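Here is the structure we will look at.
The values are calculated or read from the model by the stated rules, or taken from the named source; none is laboratory data. Source: prediction; values computed, not measured. In this analysis, Cβ positions are derived from the backbone assuming ideal geometry, glycine residues included, and neighbour counts consider all displayed protein chains.
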Amino acid sequence: MRPLSFLLFCGFVAAAIWFSPKDSQQKTVCATEKMVAGKEKVQENSGMACGYDPNYDAKKWLKDNKKDKLISDIYVTYDERIKQICMSENVDPRLTNGYVIRAIINRESSGDSLAENKNDPSYGLMALKPSTAQEMKVSPDSLKVPYWNLLAGIRYLNKQLKDFGNMPAAITAYGCGPKSLGNLNPKGFVYFKQIQSLMDAEDNGSSAE
């Protein structure tokens, strides 16, 4: 990262930590986002309050895990459901095109509605923990049902976007927990870069339009 970009990154890190969810000034952080080809895309130097890892190659991760091969199937299978839920839940407009949600599905479960992480118990398409499902008013027993998992996941992601005001922080909070924004753990940066790489791959023509 160039010196100027690094300074910008540090500035956005400080902003994400400083502004509380209810602070009206939090919306100024949204300058880290831009519109590209109809998709809200986050800039390369967008800041989320987690550790910057200059050696991490998200594109290599994407290829090594063959995530690029799943983009089209996930789009075809879940895009309509995602958009229906976004509409019915009246979520933040930045989520309604589905790019971020489809990327999270790909990263967390590879589109497998029965996916299960036993080490850190989470289930289904968007890797929801039972406690998170309950917080989002969804029964933990239904997390392997695509509709209910998507509903809980979209509600939770929308909550993070409402709380933190910008997409990089919301994505990081979704994947690594809101508390990750208060430290410099590289896992948060890695998670964000993985999601970003999936969004870029779809935008570059891997999805079915």
Hey, does region 129-141 have a residue that's closer than 25 Å to N204 by Cα, out of contact with any strand residue (DSSP E or B) (no Cβ under 7 Å at 6 or more places or on another chain) and not acidic (D, E)?
no
Scan region 84-109 for residues that are in a helix (DSSP H, G or I), of a type outside the set (G, A, S) and over 16 Å from the mean Cα position of the chain (by Cα) and jot them down.
Q84, I85, M87, E89
Does R102 count as modelled with pLDDT of 95 or more and in contact with a Ser or Thr (Cβ under 9 Å, 6 or more places away or on another chain)?
yes
Which ones in region 58-116 are in contact with a strand residue (DSSP E or B) (Cβ under 7 Å, 6 or more places away or on another chain) and among the acidic types (D, E)?
E116
Would you check which residues across region 173-191 are at pLDDT 80 or above and within 20 Å of I101 (Cβ to Cβ) and list them?
A173, Y174, G175, C176, G177, P178, G188, V190, Y191
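Given the options I85, I74, name the one that is touching a Gly at 6+ places or on another chain (Cβ under 6 Å) and in contact (Cβ under 8 Å) with a residue 24 or more places away in the chain.
On the way: I85 fails: touching a Gly at 6+ places or on another chain (Cβ under 6 Å).
Of the residues listed, the single one that is touching a Gly at 6+ places or on another chain (Cβ under 6 Å) and in contact (Cβ under 8 Å) with a residue 24 or more places away in the chain is I74.
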Of the residues in region 121-173 that are farther than 17 Å from I105 by Cα and not in a helix (DSSP H, G or I), the one that is nearest to the chain's Cα centre (by Cα) is N166
Residue in region 152-160 that is more than 24 Å from P186 (Cα to Cα), free of Cβ contacts under 8 Å to residues at least 60 places away in the same chain and crowded, with 22+ Cβ neighbours inside 10 Å present:
yes
How many of the residues making up region 93-112 are surrounded by fewer than 19 Cβ atoms within 10 Å (Cβ to Cβ), closer than 22 Å to K159 by Cβ and out of contact with any Asp or Glu (no Cβ under 6 Å at 6 or more places or on another chain)?
3
So D203 clears everything in (1) under 17 Å from L125 (Cα atoms); (2) in contact with a strand residue (DSSP E or B) (Cβ under 8 Å, 6 or more places away or on another chain); (3) acidic (D, E) except one condition, right? Which one?
(1)
Please identify the pairs in which a residue from region 114-138 that is among the acidic types (D, E) has its Cβ atom under 7 Å from the Cβ atom of a residue that is assigned to a strand (DSSP E or B) and at pLDDT 95 or above, counting only partners at least 6 apart or on another chain.
E116/Y123
